[in-house]
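All remarks here apply to the structure that follows.
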Amino acid sequence: MTKRQIPRWSDFGPLLKPAPKEGTRRQRSMARAASIGDLRRRAKGRTPRAVFDYVDGAADDEVSLARSRNLFRDLEFRPNVLRDVSTADTSTTILGRPAAYPFGFAPTGYTRMMHHEGEVAVARVAERIGIPYALSTVGTTTPEGVAQAAPGGDRWFQLYVWRDREFSYSLMQRAKDSGFRTLVLTVDLPVGGARLRDVRNGMTVPPSITAKTVLDGAMHPNWWFNFLTTEPLSFASLSSLGGNVADSIDRLFDPALDFADLVWLREQWSGPIVVKGVQSVEDARRVVDLGADGVVLSNHGGRQLDRSPIPLLLIQPIVEKIGMDAEVFVDGGVMNGGDIVAAVALGAGAAFVGRAYLYGLMAGGEDGVQRTADILSADVTRTMKLLGVSSLDELNPDHIRLP
Ligand SMILES: Cc1cc2nc3c(=O)[nH]c(=O)nc-3n(C[C@H](O)[C@H](O)[C@H](O)COP(=O)(O)O)c2cc1C
């Protein structure tokens, strides 16, 4: 029988510990988010519905996004035991430049709409932890602004090719003059995908003030206050974009983009070129033959062609075909640093994350993006150690069993 006693006041003393007071209130609040899923839940509470859904949603029935996330969830890790993992070196080289971790922040448009700290916050975190960040063509901070915010960062510029080639050229030139090193040519957006949540929400960029948004404003007053009292959303591109996103894409970006354009870009851009949105072995071979230094195997996070190939499954056949000639990156569905380790084990040089950092941004601005980076980087280190590897080169496909 358990012997019980009546607690005395002095027994409570050693148990009473005030909550640690390090950092600002927002940083302390972010530190309580234990996973990207936690950040997503907070993001949802803090952002107008249409904006959250623009980030969280994908095309049509959102099958591609679900498949990517499910595959990460369902794969099996195969650890080796009794290996010395007192340290784990997470560093790597991405297109010739050292990176502290095998992941980067993918380009995302309209980032200042998610949170007023926008691209500057994302670029600063990427610089601080030592990973690449790609600014989108439809970013809401200029290349000059991002360069000023993160002068030492590995800055990439993502290009959508405009019907007006001169305009594309001038954007590239601005990025080059601001010290952006790598050009990312996105090729999976000949037309806009069918983002049904946006249609249902009547989503426009910038968000329009309607009876519905006024009501929403009452529920997210901080977002609206920050949105209305900071610099209006603008960038060179946004002067002609605006309104319904899918219509703007169709009006401005060139569906006639083809391999000849890649040849042209290769002549214009002296740094590395990465083609993003490659989804077949043949296309990967062809773009590398035309001068691409890397490919991102991507279906745009499921936002374009629904039911397209799961990028993770393309890694092995494509690395086999072009791995000696170019670097192979992957994105789509990463919600955990273990996902990044799995992608590297299957042969990717790095994985890129989109929504994961946007959830952090919407949840808590720069501190939220930092929290995303901290969660992912700690996951990478821990997963490596639990797998029994102390450096990224030791990872190989035998560490993964795909379902
Ligand atoms: C809100 C949002 C905006 C995006 N905007 C762009 C963009 O402007 N250019 C681009 O190449 N990809 C864009 N993407 C796709 C991402 O670069 C990346 O391929 C995708 O987010 C990866 O999937 P994940 O979000 O599951 O990590 C966007 C993605 C999201 C979620």
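The values are calculated or read from the model by the stated rules, or taken from the named source; none is laboratory data. Remember, predicted model here, so these are calculated numbers, not experimental data. Backbone-built Cβ (ideal geometry, glycine too); neighbour counts: all protein chains shown.
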**OP:** Residue by residue through region 300-328, note down the ones that are of a type in the set (Val, Ile, Thr), surrounded by 24 or more Cβ atoms within 10 Å (Cβ to Cβ) and not in a helix (DSSP H, G or I).
**Re:** VAL328
Subject >> Set VAL138, VAL122, VAL146: member being modelled with pLDDT under 95, within 15 Å of the ligand (Cβ to nearest atom) and either hydrophobic (A, V, I, L, M, F, W, C) or closer than 25 Å to TRP264 by Cα (or both) >> reply: VAL138
**OP:** Being within 10 Å of the ligand (Cβ to nearest atom), modelled with pLDDT of 95 or more and in contact with a Phe, Trp or Tyr (Cβ under 9 Å, 6 or more places away or on another chain) is the filter here, so list the residues in region 179-194 that pass it.
**Re:** VAL184, LEU185, THR186
Subject >> Residues (more than 15 Å from the ligand (Cβ to nearest atom) and not in a helix (DSSP H, G or I)) located in region 329-350 >> reply: LEU346, GLY347, GLY349
Original post:
Does VAL369 satisfy the condition of being farther than 20 Å from ALA134 by Cα, in contact with a Gly (Cβ under 7 Å, 6 or more places away or on another chain), modelled with pLDDT of 95 or more and within 16 Å of the ligand (Cβ to nearest atom)?
Top reply: no
Original post:
When the residues of region 10-55 are filtered to those that are in a helix (DSSP H, G or I), of a type in the set (Asp, Glu) and in contact with a Lys or Arg (Cβ under 9 Å, 6 or more places away or on another chain), which remaining residue is farthest from GLY202 (Cα to Cα)?
Top reply: ASP38
Original post:
In region 294-328, how many residues are acidic (Asp, Glu) and either more than 16 Å from GLU282 (Cβ to Cβ) or within 9 Å of the ligand (Cβ to nearest atom) (or both)?
Top reply: 2
Subject >> Cβ pairs under 8 Å, 6+ apart, first in region 333-350 and at negative phi and in contact (Cβ under 8 Å) with a residue 12 or more places away in the chain, second within 13 Å of the ligand (Cβ to nearest atom) and assigned to a loop (DSSP other than H, G, I, E, B) >> reply: ASP339/GLY333; ILE340/VAL334; ALA343/VAL334
Subject >> Lone unmet requirement of (1) closer than 21 Å to ALA175 by Cβ; (2) within 15 Å of the ligand (Cβ to nearest atom) for PRO102 >> reply: (1)
Subject >> VAL295 vs. criteria of a type outside the set (S, T, N, Q) and without any contact (Cβ under 8 Å) to a residue 60 or more places away in the chain >> reply: yes
Original post:
Listed residues TYR54, TYR110; which is of a type in the set (Ser, Thr, Tyr), under 21 Å from the mean Cα position of the chain (by Cα), within 12 Å of the ligand (Cβ to nearest atom) and at pLDDT below 95?
Top reply: TYR110
Original post:
Could you list, in sequence order, the residues of region 152-178 that are more than 17 Å from the chain's Cα centre (by Cα), at pLDDT 95 or above and crowded, with 23+ Cβ neighbours inside 10 Å?
Top reply: ALA175
Original post:
ARG40: touching a helix residue (DSSP H, G or I) at 6+ places or on another chain (Cβ under 6 Å), farther than 21 Å from LEU312 by Cβ, touching a residue at least 60 places away in the same chain (Cβ under 8 Å) and charged (D, E, K, R), yes or no?
Top reply: no
Original post:
If you take the residues of region 38-50 that are surrounded by fewer than 24 Cβ atoms within 10 Å (Cβ to Cβ) and closer than 13 Å to ASP216 by Cβ, which of them is nearest to the ligand (Cβ to nearest atom)?
Top reply: ALA50
Subject >> Checking GLN148 against (1) closer than 22 Å to ALA373 by Cα; (2) under 20 Å from the mean Cα position of the chain (by Cα); (3) not charged (D, E, K, R), the condition it does not meet >> reply: (2)
Original post:
Going by the structure shown, is TYR110 more than 23 Å from GLY337 (Cα to Cα), touching a residue at least 12 places away in the same chain (Cβ under 8 Å) and either in contact with a strand residue (DSSP E or B) (Cβ under 7 Å, 6 or more places away or on another chain) or crowded, with 19+ Cβ neighbours inside 10 Å (or both)?
Top reply: yes
Subject >> Residues of region 351-403 classified as part of a helix (DSSP H, G or I) and small (Gly, Ala, Ser), total >> reply: 9
Subject >> All helices (runs of 4 or more DSSP H) inside region 186-292 with 2 or more residues being in contact with a Pro (Cβ under 8 Å, 6 or more places away or on another chain), aromatic (Phe, Trp, Tyr) and crowded, with 18+ Cβ neighbours inside 10 Å >> reply: 221-229
Original post:
Is it true that some residue in region 139-151 is in contact with a strand residue (DSSP E or B) (Cβ under 8 Å, 6 or more places away or on another chain), surrounded by 21 or more Cβ atoms within 10 Å (Cβ to Cβ), free of Cβ contacts under 8 Å to residues at least 24 places away in the same chain and outside any loop (DSSP other than H, G, I, E, B)?
Top reply: no
**OP:** Scan region 45-78 for residues that are closer than 24 Å to TRP224 by Cα and without any contact (Cβ under 8 Å) to a residue 40 or more places away in the chain and report the count.
**Re:** 1
